[in-house]
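Below you'll find the structure, written out as structure tokens, and then a few comments.
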Amino acid sequence: MYKNKYVNIFSKIAWDFGLLKEDLLKSVEKKFDTSNNIIITRELEAKPTTLYLMQYLSEGCQANCAFCVQGLSSTRERKSSYLVANQLLRFPLDTITQFLKDKELPFKRVCIQTILHDEAFDDLVNLVEELKKATDLPISANCTPMSRESISKLNDIGLDRIIINYELVTPELFDRIRGRERNSPYSWEQTTRALDYAMEIFGYPRVLSHLIIGIGETDLDALKLIENLHRKKIIPSLFAFRPLKGTDLENYSRVSHERFHCIQMAAFLIKNDLTDLKNMKFDQAGNLIDPGVEEEIIRNAIYGGKCFMTSGCPWCNRPNYTVDPGERHYTYPRVPSPDELSDIKREIGRRWNLFGGDI
């Protein structure tokens, strides 16, 4: 059976939780780059509650998503060492598993990010099996679309949750940004089929799909897919698009916080069966102008705060994944503060003409 000896870990996690202490520096496969010390030592707003790992395979990802530093056309230097803006460090897998056995850690979950590669599935199986020997923590995996047999195998070996991502919210955007027009092997149809297989095998609430907001879609586009996933009992998780240096979309504008938080709120209402597309109103450009619920429901949801936090698998918070430390959050790794919620309320009120003068 194929066995990869290495795994990537976010450098900030490695630093904070002891993998980069002097006695463990020898475990880093490549030379530690002290010029990037600012990336590794800067403060995060919240401690990660999930241990985020990424496959290490020497040839990298064979896909070509326009937004990703792992894509074939990305010009990012040392791109095998980055996921979004988080530096990755390569460790021997046995160092990670021993670390999990020996340490009392604050993590509540392990999440593995996979890449598209001929050996990726066998490597994922090996990673899950080795991690399960070391820890009782539930394990999630962000997977590329795969066959029914492969998905069934992951369930059999004890994977807790499977995430298969659309990323883009319409077939046309999918083809243009991560599919056929990118000479990439992904397709909308393949992704839909894999999610259907996953629901048959894993069932609710163990199947998720991440969606990126802010790459050319309308509010209506996004909410159509969110509602469709909700009806299938697939959990949608939203992320704000982040343009990354070296990718073909590095100069693309970022989505406004106002629009993103309104879509977050609308998604929250759909996922809690408080409204649906039939009750919502959109303008001719596809912008949501009325969510179709009473104002008080929205007010209570805002001040509850949870609808603006990172959603997905239990205990996922991904601090500073789509923003740098000090920047305003799109998805919060913690409960937003009263001042932050007041800002969000003001923006939602302005966009949806709510709350009268109390904004």
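The values are calculated or read from the model by the stated rules, or taken from the named source; none is laboratory data. The structure presented is a predicted model; accordingly, all values stated were derived computationally and were not measured. Don't worry about glycine lacking a Cβ; one is built from the backbone with ideal geometry, like all the others, and counts go over all protein chains shown.
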Filtered residues of segment 139-189 (kept if part of a loop (DSSP other than H, G, I, E, B) and of a type in the set (Phe, Trp, Tyr)) = 166, 186
Answer yes or no as to whether residue 193 is more than 27 Å from residue 259 (Cα to Cα), in contact with an Asp or Glu (Cβ under 8 Å, 6 or more places away or on another chain) and without any contact (Cβ under 8 Å) to a residue 60 or more places away in the chain.
-> no
Residues of segment 161-186 satisfying the condition of being modelled with pLDDT of 95 or more and of a type in the set (Gly, Ala, Ser) = 179
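Scan segment 1-56 for residues that are among the acidic types (Asp, Glu) and at pLDDT below 75 and jot them down.
Matches in segment 1-56: 22, 23, 29, 33, 43.
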Taking segment 315-353, which residues are over 30 Å from residue 13 (Cβ atoms) and either at pLDDT below 95 or in contact with a Phe, Trp or Tyr (Cβ under 6 Å, 6 or more places away or on another chain) (or both)?
-> 349
Just checking, how many residues over segment 110-123 are outside any loop (DSSP other than H, G, I, E, B) and more than 18 Å from the chain's Cα centre (by Cα)?
-> 4
Do we find a residue being in contact with a helix residue (DSSP H, G or I) (Cβ under 7 Å, 6 or more places away or on another chain) and crowded, with 17+ Cβ neighbours inside 10 Å anywhere in segment 238-246?
-> yes
Hits in segment 94-127 (condition: of a type in the set (Val, Ile, Thr) and closer than 20 Å to residue 19 by Cα) | 95, 96, 97, 110, 112
Would you say residue 279 is over 29 Å from residue 46 (Cα atoms) and touching a residue at least 60 places away in the same chain (Cβ under 8 Å)?
-> no
Residues being buried (at least 16 other Cβ atoms within 10 Å of the Cβ), in contact with a helix residue (DSSP H, G or I) (Cβ under 7 Å, 6 or more places away or on another chain) and free of Cβ contacts under 8 Å to residues at least 60 places away in the same chain: count how many of those fall in segment 215-231.
-> 5
